[in-house]
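Down below is the structure, laid out as structure tokens.
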Amino acid sequence: MRADFSLDYDVMTVQRPQKLYLLARFAAGSAPGDIHRRPLNISLVIDRSGSMAGAKIDYTRQAAQFLVQHLGARDTFSIVLYNDKIETLLAPEIVNNKDRIIQLIEHIQVRGTTNLSGGWLEGCRLVMSQMAKDRLNRVILMSDGLANRGITETAQLVQMAQQKYEEGVSTTTMGLGSEFNEDLLMTMANAGGGAYYFIESPESAPTIFHEELTGLLSVVGQNLMITVAPTEHVSSLRQLNAYQTTQTGKSTSFQLGDIFGDEVKTVVLELNVPALNTMGECQIAKLRFEYDEITGNRTQHHISEMDVMVNIRPEDIDPSLRDPEVTQSVLLLKAAQARQQAVKDADKGDYAQASQTLRAIAEEIAAAHVKNEHLQEERDALLAQAKQMERGAQSYDEYSRKTMVTQAFYTQTARHEETIMLRFREQQRQTIEQPVLHTDENTPYKQPGITPTHIAWNERTFELKGDLIRIGRAQHNEIILNEKGVSRFHCQVRRDGDKLLLEDLNSTNGTLVDGERITKSYALSVGDVVYLCDEKLVFIKP
């Protein structure tokens, strides 16, 4: 575990006020192996109201079964179903008989209305009945609709989530589709010490469950709290993130929750420093990192403190001396805030102002002249969303609202990679729903059952020759993609008679077809779009 900080400028000009950005950073160590990890105590709470019928409940069953398959013999699991009534489908038990649990999940049926609070509280009760200090105790709440039975007030539910977290039970929320209350689920998860996910389409459910489980299986610490105590040299302070805060005198504490293996958690603070008249070093704040490190079945409490210093000089600051990592973080978080403001404007029908807000931060990113692929991608996304806002109510609906507020929330809780993945899955769906044409503009890419002969990638084309074509970063592959996120031997295309079968080779980031990881051989057709992390492969027949 390592805690440190950076300032965008660690120098100031004497007798001149300045706005500084402070990035407090916590880097976790590697996660232990499965045998040494902390056991899980999970209750999965599933909405089975009538609106979940069809593909939603089908993919939810798959996602829940995936979760069961990857739990271990030391983990405790329970399942609660809710509509207008609450049913405990599976009382808490050690995950030994996976086949029986999977069969129970297979027979979940839908009906009725949505008593979200009742289902969640029952899940909390089941977790608390098995709660122990050496376990990670969590409720995973999934909903596709508005809470219309039981407790429905957002403020009351959020307060209850905070209370349960203080009692040792954290809450992750997952919203499926376009009808749920994203503001409720986000604030519940934030107060409850868990994560919030937007499952934008049913087929994404297994991917989202995989993300949550990967985190739970790699927890190396809990209760991370970063506290900043400004000195008299700071006139005001605010966070650019969206963490729960506690105020004690002049000190502000930020609740960052669980710590996953190899994770880097950050909070970015804006400090206004009035003109200082004395040259030399000056302390502007004190940082405190406090957390519980998990080692096997034991927990060790750690506290680390450090002074935040700046150097006061007579000459003006050179703008090129800005710390690039801090600058990137600030711009991404400003973009998240701009999305939140744009949503507020659009909710009031002021689409022109919403578009202007998004374009303004896109211009600020361009003016920063920081060469960075994440910032370029962010700028492109902002401009696309600004254009969407210009079309008004015909483009701004429940789905687009959820997409924007979720992107903002992910970025503000140190999960910007998930913001990128959400946009990435959306691009995949658009590719599938609106196929691109060949250069002759007559033949559509999507031709089910037609075996491709080539792969198009990054303006290059590779012929699919031979019986086995391996793809990855290593030089021994038939197709070499030396790109970030691609494994050394990522996947392969195997010839089986007249068919070509795509197979993942246990890659780190998976091989995705239609936004879903493949776990077995997949028969390729002309027009299939496959992603290896950020690398897009299109299978074609010129």
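The values are calculated or read from the model by the stated rules, or taken from the named source; none is laboratory data. Because the structure is a prediction, the values reported are computed rather than measured. All Cβ positions, even for glycine, are placed from backbone atoms using ideal geometry, and neighbour counts span all protein chains on display. Keep in mind that these areas ignore ligands, DNA and RNA; they rest on the heavy atoms of the full protein, side chains included. Shrake-Rupley method; radii C 1.70, N 1.55, O 1.52, S 1.80 Å.
Considering the conditions (1) open to solvent by less than 50 Å² (accessible area, probe 1.4 Å); (2) within 14 Å of Leu81 (Cβ to Cβ), His107 is excluded by exactly one of them, (1).
Can Ala242 be described as more than 30 Å from Gly54 (Cα to Cα), under 16 Å from the mean Cα position of the chain (by Cα), surrounded by 16 or more Cβ atoms within 10 Å (Cβ to Cβ) and among the aliphatic types (A, V, I, L, M)? Considered against the rule, which asks whether it is more than 30 Å from Gly54 (Cα to Cα), under 16 Å from the mean Cα position of the chain (by Cα), surrounded by 16 or more Cβ atoms within 10 Å (Cβ to Cβ) and among the aliphatic types (A, V, I, L, M), Ala242 comes out as yes. Every test in (1) closer than 19 Å to Gly175 by Cα; (2) buried (at least 22 other Cβ atoms within 10 Å of the Cβ) is passed by Asn41 save one, and that test is (1). Selection of first residues in region 125-154 that are in contact (Cβ under 8 Å) with a residue 24 or more places away in the chain and β-branched (Val, Ile, Thr) and of second residues that are open to solvent by 50 Å² or more (accessible area, probe 1.4 Å) and not in a loop (DSSP other than H, G, I, E, B), restricted to Cβ pairs under 8 Å at least 6 apart or on distinct chains, gives the following pairs, ordered by first then second residue: Thr154/Asp183; Thr154/Thr187. Pairing each residue of region 43-70 that is among the acidic types (Asp, Glu) with any residue that is open to solvent by less than 10 Å² (accessible area, probe 1.4 Å), provided the two are 6+ apart or on different chains, yields C-beta distances under 6 Å for Asp47/Met142; Asp47/Ser143; Asp47/Asp144. Across region 487-542, the number of residues qualifying as of a type in the set (D, E, K, R), in a loop (DSSP other than H, G, I, E, B) and open to solvent by less than 60 Å² (accessible area, probe 1.4 Å) comes to 1. Residue count for region 175-204, restricted to those that are under 15 Å from Tyr399 (Cα atoms), of a type in the set (A, V, I, L, M, F, W, C) and touching a helix residue (DSSP H, G or I) at 6+ places or on another chain (Cβ under 7 Å): 3.
Within region 277-294, is there a residue that is loosely packed, with under 14 Cβ neighbours inside 10 Å, in a strand (DSSP E or B) and under 20 Å from the mean Cα position of the chain (by Cα)? No, because not a single residue in region 277-294 is loosely packed, with under 14 Cβ neighbours inside 10 Å, in a strand (DSSP E or B) and under 20 Å from the mean Cα position of the chain (by Cα). Look at region 355-397 and say how many of its residues are open to solvent by less than 40 Å² (accessible area, probe 1.4 Å), part of a helix (DSSP H, G or I) and in contact with a Phe, Trp or Tyr (Cβ under 8 Å, 6 or more places away or on another chain). Residues that pass the stated criteria total 2. Say we look at region 463-486 and pick out the residues that are at pLDDT below 90 and of a type in the set (A, V, I, L, M, F, W, C); which of these is surrounded by the fewest Cβ atoms within 10 Å (Cβ to Cβ)? Among them, the one singled out is Ala474. Residues in region 208-240 that are of a type outside the set (A, V, I, L, M, F, W, C) and in a strand (DSSP E or B): Gly221, Gln222, Asn223, Thr227, Pro230, Ser236, Arg238, Gln239. In region 494-502 there is no residue that is under 31 Å from the mean Cα position of the chain (by Cα), of a type in the set (Gly, Ala, Ser) and more than 22 Å from Glu373 (Cβ to Cβ). Residues in region 295-354 that are among the basic types (Lys, Arg) and either buried (at least 17 other Cβ atoms within 10 Å of the Cβ) or more than 20 Å from Met12 (Cβ to Cβ) (or both): Arg298, Arg322, Lys334, Arg339, Lys344, Lys348.
Asn83 meets all of the listed conditions (1) at pLDDT 90 or above; (2) buried (at least 18 other Cβ atoms within 10 Å of the Cβ); (3) touching a Ser or Thr at 6+ places or on another chain (Cβ under 7 Å) but one, namely (1). Contact map, region 234-260: first residue farther than 21 Å from Val326 by Cα, second residue hydroxyl-bearing (Ser, Thr, Tyr) and in a loop (DSSP other than H, G, I, E, B), Cβ cut-off under 6 Å, separation 6 or more or different chains; pairs are Phe260/Ser218. The number of residues in region 115-132 being open to solvent by 10 Å² or more (accessible area, probe 1.4 Å) and either under 26 Å from the mean Cα position of the chain (by Cα) or of a type in the set (Lys, Arg) (or both) comes to 2.
The residues of region 146-203 that are part of a loop (DSSP other than H, G, I, E, B) and either basic (Lys, Arg) or in contact with a His (Cβ under 8 Å, 6 or more places away or on another chain) (or both) amount to a single one, Arg149. Counting only residues that are assigned to a helix (DSSP H, G or I) and farther than 19 Å from Ile86 by Cα, region 26-69 holds 14 of them. Note on region 44-56: among residues that are touching a Lys or Arg at 6+ places or on another chain (Cβ under 8 Å) and buried (at least 21 other Cβ atoms within 10 Å of the Cβ), the one that is nearest to Glu211 (Cα to Cα) is Arg48. Would region 440-455 turn up any residue that is modelled with pLDDT of 90 or more and either crowded, with 18+ Cβ neighbours inside 10 Å or within 28 Å of the chain's Cα centre (by Cα) (or both)? Yes, region 440-455 contains at least one residue that is modelled with pLDDT of 90 or more and either crowded, with 18+ Cβ neighbours inside 10 Å or within 28 Å of the chain's Cα centre (by Cα) (or both). Applying the criterion of being within 29 Å of the chain's Cα centre (by Cα) and part of a loop (DSSP other than H, G, I, E, B) to the residues of region 70-107, the residue that is nearest to Gly150 (Cα to Cα) is Asn83. The listed residues are Glu290, Glu281, and the only one of them that is acidic (Asp, Glu), touching a strand residue (DSSP E or B) at 6+ places or on another chain (Cβ under 9 Å) and within 27 Å of Gln412 (Cβ to Cβ) turns out to be Glu290.
What is the residue count in region 67-80 for residues that are open to solvent by less than 50 Å² (accessible area, probe 1.4 Å) and of a type outside the set (Ser, Thr, Tyr)? Give the steps one after another, and end with the answer.
If we filter region 67-80 for residues that are open to solvent by less than 50 Å² (accessible area, probe 1.4 Å), which is where we start, we get 67-68, 71-72, 75-80.
Okay, now just the ones that are also of a type outside the set (Ser, Thr, Tyr), so 67-68, 71-72, 75, 77, 79-80.
Total meeting the criteria: 8.
Of all residues in region 221-236, those being at negative phi and either of a type in the set (S, T, N, Q) or open to solvent by 10 Å² or more (accessible area, probe 1.4 Å) (or both) number 11.
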